[in-house]
Amino acid sequence: MNSKLYTIVLGVALTACSTGKKALEKGNFDEAVYTAVERLQKSPTNSTSQQVLKEAYPLALNYHQGRVNNWEKSTEPFHWERVISEYDAMNQLGSAIDNCPPCIRVVGDGKKFVEPLQAARNLAASDRYDSGNFHLGNAKGNRQEAKMAFLDFERASQIIPGYKDVSNKMDNAYSYAAVNVVVEQVTVTSKLYQLSNEYFQDKVNEFLRTNPKMNIFVQFYGPQQASDIKLKPHQIVRLQFDEFMVGQTYVNTNTENITSKDSVKVGEATVNGKKVPVYNKVTAKYTKSRKTVTSNGILDMQIIDFQTKQVIHRDKIPGTFVWVNEWANFNGDERALTKDQLNLCKNKELLPPAPQILFTEFTKPIYDQLTRKIRKYYENY
């Protein structure tokens with residue numbers, strides 16, 4: 001195929017794809033409409049897109065209207081919300097056409113279904129409201145029923161903002177569904193060091209402030225905050241570093257005699273009155289030292305039922321941090337050493353970080369595990 005003919009064929013293929021014709025042939029009527037509209041906005045006289053829009057728009061409306069008719073007869077719970085979705089889809093198609101003057105010239109103004117949509121919204125909100133009231137009637141002492149009531153009232157409010165007294169109903173349901181959890185300050189006990197838990201505590205507090213993204217029915221409070229509002233919690237989370245060790249030091253030294261891989265110039269000799277280079281392998285006595293300072297600990301996490309004082313969940317969460325310092329020295333010819341060995345000889349023995357820094361470092365992996373465990377425990381609580 002010559003290049004000119006290939007260009008023509010490719011252009012026809014691309015036009016077919018971008019006019020909505022293929023979507024129409026596959027029965028994807030909404031997609032065909034939107035593709036044709038997009039094409040006509042760029043190319044108002046495109047005859048293929050005009051024809052696609054003429055055929056696809058009525059077919060799309062018929063398709064959604066058929067689904068409306070079926071859902072209106074349905075006995076499935078909350079089926080009016082399905083009706084809303086179908087009317088929304090038809091209204092969106094109409095809006096797309098109304099925003100495209102070339103499209104209006106082809107099919108006229110887009111059709112709007114305002115009154116039928118509002119009627120469906122009223123019925124859908126009423127269904128959710130009635131369901132919420134049913135669950136609310138069983139909510140006292142039953143969190144699951146309270147949660148279902150809250151979600152029903154919330155959905156009714158989304159369908160019609162300000163619907164009846166759903167705001168008060170939501171508050172009522174939430175009071176039965178919510179679990180108030182007080183997270184105690186992290187405890188650190190040590191006979192050897194005065195260590196601060198500030199970093200770890202700040203990270204925990206930061207995580208708990210983002211709780212609404214985890215579960216709207218679980219509210220976390222600090223001890224002072226709970227005291228200020230005279231909160232009677234449902235649960236207590238107790239966090240304590242009851243086992244930890246900071247700064248266990250181990251130094252390993254290894255000495256070896258190293259010979260260069262290749263021969264190098266080691267001097268000169270006089271041969272027949274001329275100086276010539278002398279080559280040989282060289283050696284060095286190389287000593288490498290490695291100091292490791294290990295710090296580790298275990299965080300004890302307990303979730304306690306406030307009323308019974310019983311531990312309802314417990315986890316032991318370990319964390320470790322290893323600080324490493326390497327250095328080396330040599331005697332002999334440096335050409336026996338590799339580049340990495342020479343670079344290591346530039347290092348010096350260093351003092352390890354202060355105990356507080358080591359403590360903070362080994363708590364970082366513990367924090368990551370702790371937040372995962374809290375999220376897993378409470379995300380569907």
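Listing for the model above:
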item	result
Pairs from K291/K316; K230/K309; K111/K164; K140/K169; K261/K346 whose Cα-Cα separation, in the structure shown, is over 25 Å	K291/K316; K111/K164
Kyte-Doolittle mean at least 0.5, axial Cα span of 15 Å or more - DSSP H helices of the chain	3-19
The chain, relative contact order in percent, only Cα pairs under 8 angstrom and at least six apart counted	10
Net dipole in debye of the chain [+1 Lys, Arg Cβ; -1 Asp, Glu Cβ; about Cα centre; nearest 20]	1320
Kirkwood-based shape ratio for segment 159-249, expressed as Rg/Rh from alpha carbons	1.17
Sequence of E184, E206 when ordered by accessible area, the most exposed leading, probe 1.4 angstrom	E206, E184
Calculated diffusion of segment 131-185, Stokes-Einstein form, Kirkwood radius summed over Cα pairs, 20 °C and 1.002 mPa s, µm²/s	189
Heavy-atom accessible surface of segment 258-381: percent carbon and sulfur, 1.4 Å	49
Accessible carbon and sulfur surface of segment 67-225 relative to its total accessible area, %, 1.4 Å	48
Distribution of pairwise C-alpha distances over segment 36-177, 5 Å bins, in %	2, 10, 16, 14, 12, 10, 9, 8, 6, 5, 4, 2, 0, 0
Hydrodynamic radius of the chain per Kirkwood, over alpha carbon pairs, in Å	29.4
Per residue solvent-accessible surface (Å²) - segment 56-207, probe of 1.4 Å	53
Proximal aspartates and glutamates relative to K73, as straight alpha-carbon distance under 18 Å, when same-chain residues fewer than 8 apart are discounted	E81, E86, D127
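The values are calculated or read from the model by the stated rules, or taken from the named source; none is laboratory data. The model shown is predicted, which means the values in this text are computed figures rather than measured ones. For neighbour counting, all protein chains shown are included, and Cβ atoms are generated from backbone atoms with ideal geometry for every residue, glycine included. Accessible surface is based on the protein model in full, side chains and every heavy atom, while ligands, DNA and RNA are left aside. Shrake-Rupley method; radii C 1.70, N 1.55, O 1.52, S 1.80 Å.
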